[in-house]
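Undergrad: Quick one: the structure is below, and I'll ask about it shortly.
The values are calculated or read from the model by the stated rules, or taken from the named source; none is laboratory data. From a predicted model like this one, the values you see are computed outputs, not experimental measurements. Note that we place each Cβ from the backbone using ideal geometry, even for glycine, and neighbour counts take in every protein chain shown.
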Amino acid sequence: MYTESINKPIKGISYSSSLINLLKRYPALFKSLGQSTDYTTFLSGLKALSFMILSESKAATEFYKGNSTGANLFSAIEWKYLAAIRLLDYIGNSGRSFEDLNLNKRVIINEPLKPLWEWIAMERKTAGEDYFTDMLHLFRQLTGDIKHDLPGRPKVEEWMNRHSSGLDERIIRLREANKKRILHNIIRRIDSGMIHSERYHFQPDMTFDEKYQLALQWWETSHFHLKFAVRTPELLNEMLENSLPEGVMEIMALAKAKKIPIFVNPYYLSLLLVNPPEDLVNSDLAIRDYVFMSRDLVEAYGSIEAWEKEDFVEPGKPNAAGWILPTYRNLHRRYPEVAILIPDTAGRACGGLCVSCQRMYEFQSGHLNFNIEKLLPKENWPDKLRNLLRYFEKDAQLRDILITGGDALMSRDVSLQLILDEVYNMALRKKEANEFLPDGEKLAEMSRIRLGTRLPVYLPQRITPQLISILREFREKAEKIGFSQFVIQTHFESAMEVTPESRSAVDALLSAGWIVTNQQVFTAASSRRGHTARLRKALNDIGVLTYYTFSVKGFNENKHNFATNARTMQEMAEEKIIGRLPVSMRKPFAGFIADGSEMLQKISQVRHDAGIPFLATDRSVMNLPGVGKSLTFRTIGITNDGRRILEFDHDHGRRHSPIIHHMGKMVIIESKSVAAYLRQMKEYGENIGEYETLYGYSIGVTEPVNPLFSYPEYDFEATGEITNLELILS
């Protein structure tokens, strides 16, 4: 949970002095740095030194020049050469100015090496200890004082085994006790008259045991959990046996005063452990950090803006990616093949509020909310829906529709049935119209449909036989007109969310022939050693394929949950790697997502044949404003308080709007330093010695799209024309 000490350097440690001591051990290096008469001479000397080191490696030199890239960067380039590249990037980008969106858009001048020179040459300290810590590790890397030894599979599995699963028998028993406690509380509140409901009430002559048995039946329905969701800090604490620390309650009270919605349903609340055994302390941390708000979020609420520039839409005018959209609220688009549909239904609500939500700005405006009964579709919704789907029907490149929100499965069955029926009708009209067009002029036909939902995690009771019937029937008829990929795109954050209930929900979804994929947000809590690898295995064990692992979006509002992009790269290179398929198995693996009904058996067979603990089918990326999903970056600067400045390029391995070639690169100033992140890990109980190589990850390379998730080939030649696009170039 949230603390503020991560912003304060560890007392008694002077990293600036340690840096001087390190440099003195290398006289030639110290002489070139310490005897510069001015800053320009200092940079020239350091540049010459860096080039001299880099010249030892042709591969590193070519990478620095941008002549070669690749996801196997860290196995091809030695650690010290990456340090030399970073120093050259620091020097090459000195003097540039950037808006620091963590500091209310204050313009800062990038001078990453100036505080170092001032400290060495004049013993004047103009930067904080986090800056010098980062510099100390940079020069340790450059001089070979620290090596990059990758952990083997046994070590990664040791880390994985530290993290519990919601399917562990101990965890199941603890949560059954939580469920009992929560239901007893609800029964007492009904009996005392604090809750009045025509649907949920007891007969006067019922015993407490009879009431409890009835409440157990209610528990199996999604409506019950939405009706009895906790909406105040006081009730939240009461349901958790008044176990929340004073600091957490203070922040939650501030959130309430700022009208930040609080919405935790009884099922998800039962996943939080109250006074757990010592060895399970922090086992539910990733869940808690999705429920309890940080002071950063509370202070920023009211001024949060959409992270993606494409989400700023003026109907009829191109968005940041150049796409012309007919509406602000309902359609979002970044790429040629796919657009997002957000229905005007209860799908604008969720089963709970994730405090790192990418659409927090929409909760802030009130458009997304938890007034579920008031979110029922208006009378004109069917007509509006048909008009929205004409956008897909007439577009030359759209072939993939992602229905989300909010949460797609928060829509009632009748609403979801209407949406799916209209999607089918739209796709059929598009296919029939193509019959009259010659090859080369045919429009892209619909081939993929995705439902974005967290309800298998937040509210598995929503996955009913009626819902499965709707999904199965849609699949059976839609595959006859060209749809071949039916995807439930969900969001498990922790193996602790993989419960008997969520497993049953996934089983049901797979039985309808849809596949289930996961998008995890790589929060600080879920970035602990082995945590995400453990999640991948837990998901594979129930038939879920991992799809994306996202860096946390946003600025100060998500500072607490932000894990540095260096940690994303470290996890990718040191932990995820043990789940890589051999190259020889990747192509045959690509074809089996067409039908989810045997997915669990297929995943198990592939893991067995490859001899790996999980399938690392997810791509680690950051969703960037304007640039799209990418993890291709260089560290081009560092602020005086140690926060890194990253310059991202777009992912060259997938199609973008043509505007990408005119946009240039995207600069992001991270919201916390690597040192602050490590202090947070220490507070979480981590041994930060296990993260020693973290500072060295200063370059990112985007992983290629897994062939598993590629679009199917058409049996015709589609047009190359791009419609609904207008490029306005500055």
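Undergrad: Hey, can you tell me all the residues within segment 297-342 that are surrounded by fewer than 23 Cβ atoms within 10 Å (Cβ to Cβ) and within 15 Å of Asn561 (Cβ to Cβ)?
TA: Val298, Glu299, Ala300, Tyr301, Ile304, Trp307
Undergrad: Condition check: free of Cβ contacts under 8 Å to residues at least 12 places away in the same chain, of a type in the set (D, E, K, R), surrounded by fewer than 20 Cβ atoms within 10 Å (Cβ to Cβ) and assigned to a loop (DSSP other than H, G, I, E, B). Does Arg188 satisfy that?
TA: So Arg188 fails the test.
Undergrad: Looking only at residues in segment 50-66 that are among the hydrophobic types (A, V, I, L, M, F, W, C) and modelled with pLDDT of 90 or more, which one is nearest to the chain's Cα centre (by Cα)?
TA: Ala60
Undergrad: Is there a residue in segment 249-270 that is assigned to a helix (DSSP H, G or I), polar (S, T, N, Q) and at pLDDT 95 or above?
TA: No, every residue in segment 249-270 fails to be assigned to a helix (DSSP H, G or I), polar (S, T, N, Q) and at pLDDT 95 or above.
Undergrad: Say whether the condition of being surrounded by 18 or more Cβ atoms within 10 Å (Cβ to Cβ), on the phi > 0 side of the Ramachandran plot, in contact with a Lys or Arg (Cβ under 8 Å, 6 or more places away or on another chain) and in a loop (DSSP other than H, G, I, E, B) is met by at least one residue in segment 625-644.
TA: Scanning segment 625-644, I find at least one residue that is surrounded by 18 or more Cβ atoms within 10 Å (Cβ to Cβ), on the phi > 0 side of the Ramachandran plot, in contact with a Lys or Arg (Cβ under 8 Å, 6 or more places away or on another chain) and in a loop (DSSP other than H, G, I, E, B), so the answer is yes.
Undergrad: Here is a further query. Determine, yes or no, whether Glu690 is within 17 Å of Met572 (Cβ to Cβ) and surrounded by fewer than 21 Cβ atoms within 10 Å (Cβ to Cβ).
TA: Taking the combined requirement at face value, the residue satisfies it.
Undergrad: Is it the case that segment 376-386 has a residue that's in contact (Cβ under 8 Å) with a residue 40 or more places away in the chain and within 27 Å of the chain's Cα centre (by Cα)?
TA: No, the conditions are met nowhere in segment 376-386.
Undergrad: Also, I was wondering about something else. Run Thr133 past the list (1) buried (at least 20 other Cβ atoms within 10 Å of the Cβ); (2) out of contact with any Phe, Trp or Tyr (no Cβ under 6 Å at 6 or more places or on another chain); (3) of a type in the set (Val, Ile, Thr); (4) more than 28 Å from Arg503 (Cα to Cα) and report the number of the one that doesn't hold.
TA: Checking Thr133 against (1) buried (at least 20 other Cβ atoms within 10 Å of the Cβ); (2) out of contact with any Phe, Trp or Tyr (no Cβ under 6 Å at 6 or more places or on another chain); (3) of a type in the set (Val, Ile, Thr); (4) more than 28 Å from Arg503 (Cα to Cα), the one that fails is (2).
Undergrad: When you look at His225, is it assigned to a helix (DSSP H, G or I) and under 16 Å from Leu353 (Cβ atoms), yes or no?
TA: yes
Undergrad: Looking at (1) assigned to a loop (DSSP other than H, G, I, E, B); (2) modelled with pLDDT of 95 or more; (3) crowded, with 17+ Cβ neighbours inside 10 Å; (4) not small (Gly, Ala, Ser), can you tell me which one Met206 breaks?
TA: Of the numbered conditions (1) assigned to a loop (DSSP other than H, G, I, E, B); (2) modelled with pLDDT of 95 or more; (3) crowded, with 17+ Cβ neighbours inside 10 Å; (4) not small (Gly, Ala, Ser), the odd one out for Met206 is (3).
Undergrad: Oh, and also: Looking at (1) part of a loop (DSSP other than H, G, I, E, B); (2) under 21 Å from the mean Cα position of the chain (by Cα), which is the only condition Asp296 fails?
TA: So the condition that Asp296 fails would be (1).
Undergrad: Condition first: of a type in the set (Ser, Thr, Tyr) and under 30 Å from the mean Cα position of the chain (by Cα). Now tell me which residues in segment 86-119 satisfy that.
TA: Result: Tyr90, Ser97.
Undergrad: Here's something else I'd like to know. Just checking, does segment 585-597 include any residue being in a loop (DSSP other than H, G, I, E, B), more than 28 Å from Ala675 (Cα to Cα), polar (S, T, N, Q) and more than 20 Å from the chain's Cα centre (by Cα)?
TA: yes
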